[in-house]
Amino acid sequence: MFPPFPEECALKFCSIIADALDERKLFLKQNAPSSSRDSLGVMIGILVCRNSEGSEKILVTNSGSAKKLSGTFPFECTYVEPVVSPEKIEKALAPNDKKIHELTFEIEKEKSAGNSTAALEEERRKLTDQSLEKVFSLYSFHCADKTEKSLKEICAENIKGALAPTGTGECCAPKLLSYAFKNNLVPESMCEIFYGNAKGKINRQKYPPCDERCGILLPSILGLKILYADSSIIVVNKQSGLLSVPGRGIEKQDCIVNRVRRLFPSSIEQPSVHRLDMETSGLLVLAFTKEAHRNLNRQFEERTVKKTYVALVDDVLVKKGIPQEGESELYFRLDVENRPHQIWDEVYGKKAVTQWKILNVEKYKSPSGKIRNVTRVKFIPLTGRTHQLRLACADSHGFGVPIVGDTLYGKCEKGERLMLHAQTLEFTHPVSGKRMYFECPADF
């Protein structure tokens, strides 16, 4: 994962903690029965925050629950305890623990004898998953939007309800952020360093939040999937169903812009420089400063920003005589009597130019269980018109076939989403002048 907040300030405090550990002013106290993994070292995490009065607050923690930092801290701080206590975890694991160990012994015995262990391993796997589910049911996290979400809810949002990896919830970042949001603290800087000895990790080296576990938790805790951020810009992966900018009415205030401003209060009031339809997912760049905003706006106006999209179109396009690749030039305007629909108008419509390339035909299973053939298509919009790609597909002047899940120009089953995703984004950094390229594959 890309670090969601600046690291520099927090890194200084991480180094001070490491020095205190070296000097034996701090130590890692055994908090629960140890494992070989725990003995190899821990991550040390620092989150520098501000409270509602503007005072600086420093939060510190370490990864795992078997050990905790103890002793005399070299600066004023709050130690953040595990989200779930080791005692509760041990209690949740206890019912199956003995049987799992017995099965492990039996598996090794049968392997030594050259016998099949498939049935025994499947029994152990089921018991292990059952124990993990009991442990994970204890976890919940406080989020930036003032809600509290269970680990089960978060897994449903981000990994389609699959069982999270062992140790999910015990990394530094989710502990620190959950504590901060519970206590109305605004994060400013966060960093983690490794302390100890382990293959593949360097003592006192900083590391970003892990993809395997934090990658599941942080998008829900933060409300944003952050791919990049610095003092000038932020790039996020917008989820389908979320507005890019606020709409009219209190029910339309939850959006990418307001979520960015909630996490980064120093941002300008209107950081948006482009948008995606609510139903479209994918890459968005926003500006934190007026100068960056002006620069990015100019790049969009001059069409030096490059974007590609991927979509599932609801039929086999080659059977309809659609070429493997091409470019369309269509003209649309707002249907004032049926907002927000756009309609074909060769006289008064705005020109929409789109390049496309058919990638492949594949099977698609809808929420109702029906399976049908769809076409995966890559789009490169050369203009930025409202609903441009949806119309390039659905309108009779284009493909004449809607994108799967299109509520405006096609059909959408309950539980289905618009299968349109902004997959790549390329622009020039407004301060450094460096050409920036981001790619975020679709999850469909």
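The values are calculated or read from the model by the stated rules, or taken from the named source; none is laboratory data. Please read all numbers here as calculations on a predicted model, not as lab measurements. Every residue, glycine among them, receives a Cβ derived from its backbone with ideal geometry; neighbour counts consider all protein chains shown. Only protein heavy atoms, including side chains, enter the accessible area calculation; ligands, DNA and RNA are left aside. Shrake-Rupley method; radii C 1.70, N 1.55, O 1.52, S 1.80 Å.
Derived from the Cα gyration tensor, the three semi-axes of the equivalent ellipsoid of the range 109-151 are 39, 8, 6 Å, largest first.
Annotation for the range 1-95: chymotrypsin sites (Phe, Trp or Tyr not before Pro) lying in DSSP loop with at most 12 further Cβ atoms inside 10 Å of their Cβ are 75. Taking the Cβ of residue 81 as the centre, find all other residues whose Cβ is under 11 Å away and add up their charges (Lys, Arg: +1; Asp, Glu: -1). Result for the neighbourhood of residue 81: +2. Counting heavy atoms of the protein chains alone, residue 256 has an accessible area of about 0 Å² for a 1.4 Å probe.
Take 402-408, 238-244, 68-74, 272-278 and order them by the average number of nearby Cβ atoms within 10 Å per residue, most first; the result is 402-408, 272-278, 238-244, 68-74.
Relative protection proxy for 391-397, 427-433, from highest mean packing down: 391-397, 427-433 (other beta-carbon atoms within 10 angstrom). Here the 3J(HN,Hα) profile of the range 347-353, calculated from phi with Karplus coefficients 6.51, -1.76 and 1.60 at θ = phi - 60°, is 8, 9, x, 8, 6, 10, 10 Hz, Gly and Pro shown as x. Restricting the calculation to Cα atoms, every distinct pair contributes to the Kirkwood radius of the chain, found to be 24.8 Å.
Counting only protein chains, not ligands or nucleic acids, how are 112, 15 ordered by accessible area (probe 1.4 Å), most first? Numbers along the way, then the final one.
Working: 112 110, 15 45 Å².
Greatest to least solvent exposure: 112, 15.
Taking Cα centre as origin and charging only the Cβ of basic (Lys, Arg, +1) and acidic (Asp, Glu, -1) residues, the dipole magnitude of the range 1-119 rounds to 240 debye. Within 12 Å, Cβ to Cβ, of residue 424, how many net charges do the neighbouring residues add up to if Lys/Arg are +1 and Asp/Glu are -1? Once positives and negatives cancel, what remains is +1. Radius of gyration (Cα atoms) of the range 328-425, expressed as a multiple of 2.2 N^0.38 Å: 1.12. DSSP bridge analysis restricted to the chain gives an antiparallel fraction near 95%, rounded to the nearest 5. Counted by Cβ distance under 15 Å from residue 215, the other residues give a net charge of -3, where Lys and Arg count +1 and Asp and Glu count -1. Taking all Cα pairs closer than 8 Å and separated by 6 or more residues, the relative contact order of the chain comes to 13 percent.
When 339, 390, 417 are compared by accessible area at a 1.4 angstrom probe, the order from most to least is 339, 417, 390. Restriction of the GluC sites (Glu not before Pro) in the range 74-130 to DSSP coil positions whose beta-carbon has at most 14 other beta-carbons within 10 angstrom yields 76. A simple packing score, the average count of other Cβ atoms within 10 Å per residue, orders the peptides 419-426, 148-155 as 419-426, 148-155, with the highest score first. The order of 413, 81 by accessible area, most exposed first and with a 1.4 Å probe, is 81, 413.
Below 19 Å, Cα to Cα, which lysines can residue 365 reach? Residues fewer than 8 away in the same chain don't count. Result set, ordered by chain and number: 160, 411, 414. Which pairs in the list 252/350; 307/434; 57/175; 319/351; 88/199 are over 22 Å apart, alpha-carbon to alpha-carbon? Exceeds cut-off: 252/350; 319/351; 88/199.
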